[in-house]
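The values are calculated or read from the model by the stated rules, or taken from the named source; none is laboratory data. Just so you know, these numbers come straight off a predicted model, no measurement behind them. Methodologically, a virtual Cβ is constructed for each residue, glycine included, from the backbone with ideal geometry; neighbour enumeration extends over all protein chains shown. Protein only, heavy atoms only, side chains kept; ligands, DNA and RNA dropped before computing areas. Shrake-Rupley method; radii C 1.70, N 1.55, O 1.52, S 1.80 Å.
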Amino acid sequence: YALTLARSRSTPTEAAHSDVTEVVTEWFGTPDSPRWPDQFAAALPDVDLKRIQRAAGPFSSEKDGTHVGLYREHCVICHGLSGSGAGPASQVQNPYPRDFRHGVFKWKSTPRGDKPTRDDLRQLLMRGVPGAAMPSFAQQTTDDVDAWLDYTIYLSARGEVERRLTAAAIDELDYGESPPDDDLRLNQAGEGLEVVGEVVSRVAASWGAAKPVPV
């Protein structure tokens, strides 16, 4: 995405990409060691950090048979580690797997442009996607499905914040070959920090506002 912005804005994006990576890691951790910002915890009380963490990281099985690393066990081969949709198996799939990082989902009950509800994502996991490589997970336990749901939302939120912050760094803070004086990093108070807070809050609010279209 930074390369796309470099072409469309005709400006270097390396400095913006570097600072955005630092900020996103501070707020969201990494796909293997996730964090869940307070703004999202408030907007999505049904999403549980412990379930996100259970789905993350390398796959293993605990003594009681509980699986951890569920995303790598079942999803990463198609959707990729970051949720990009560019996993190894994606090269032979048509249509390609969903890129969660855009924050855009097709099969949902909410208006065009809105986020899906949690039930929308659950139904997608239960049914799979006919005509695509996405299988049904209807035979999995409720705990596993809830962990997948939370982790999918996490990857989507993390990726969308990263994309929006990269654009904001260039368009609002005038990032170029080097960071501006008032940059995005969290140890810098001022406009940069305000931009970070606004982007995080906006994406969190969009998830919290998801409601089905009235029938």
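Summary of values
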| item | result |
| --- | --- |
| Check on T66, surrounded by fewer than 18 Cβ atoms within 10 Å (Cβ to Cβ), among the β-branched types (V, I, T) and modelled with pLDDT of 95 or more | no |
| Hey, L193 aliphatic (A, V, I, L, M) and either in a loop (DSSP other than H, G, I, E, B) or more than 17 Å from A16 (Cα to Cα) (or both) or not | no |
| Subset of the range 164-215 (residues that are crowded, with 19+ Cβ neighbours inside 10 Å and of a type in the set (S, T, Y)) | T166, Y175 |
| Test for R72: is it over 22 Å from W207 (Cα atoms), out of contact with any strand residue (DSSP E or B) (no Cβ under 8 Å at 6 or more places or on another chain), buried (at least 17 other Cβ atoms within 10 Å of the Cβ) and free of Cβ contacts under 8 Å to residues at least 40 places away in the same chain | yes |
| Residue satisfying all of: in the range 79-99; buried (at least 19 other Cβ atoms within 10 Å of the Cβ) and outside any loop (DSSP other than H, G, I, E, B); nearest to the chain's Cα centre (by Cα) among these | H79 |
| Single match in D181, D174 (criterion: outside any helix (DSSP H, G or I) and on the phi > 0 side of the Ramachandran plot) | D174 |
| Qualifying residue in the range 35-50 (condition: open to solvent by less than 40 Å² (accessible area, probe 1.4 Å), touching a Ser or Thr at 6+ places or on another chain (Cβ under 9 Å), of a type in the set (A, V, I, L, M) and without any contact (Cβ under 8 Å) to a residue 40 or more places away in the chain) | no |
| Checklist (1) open to solvent by less than 10 Å² (accessible area, probe 1.4 Å); (2) not in a helix (DSSP H, G or I) applied to V161, failing item | (2) |
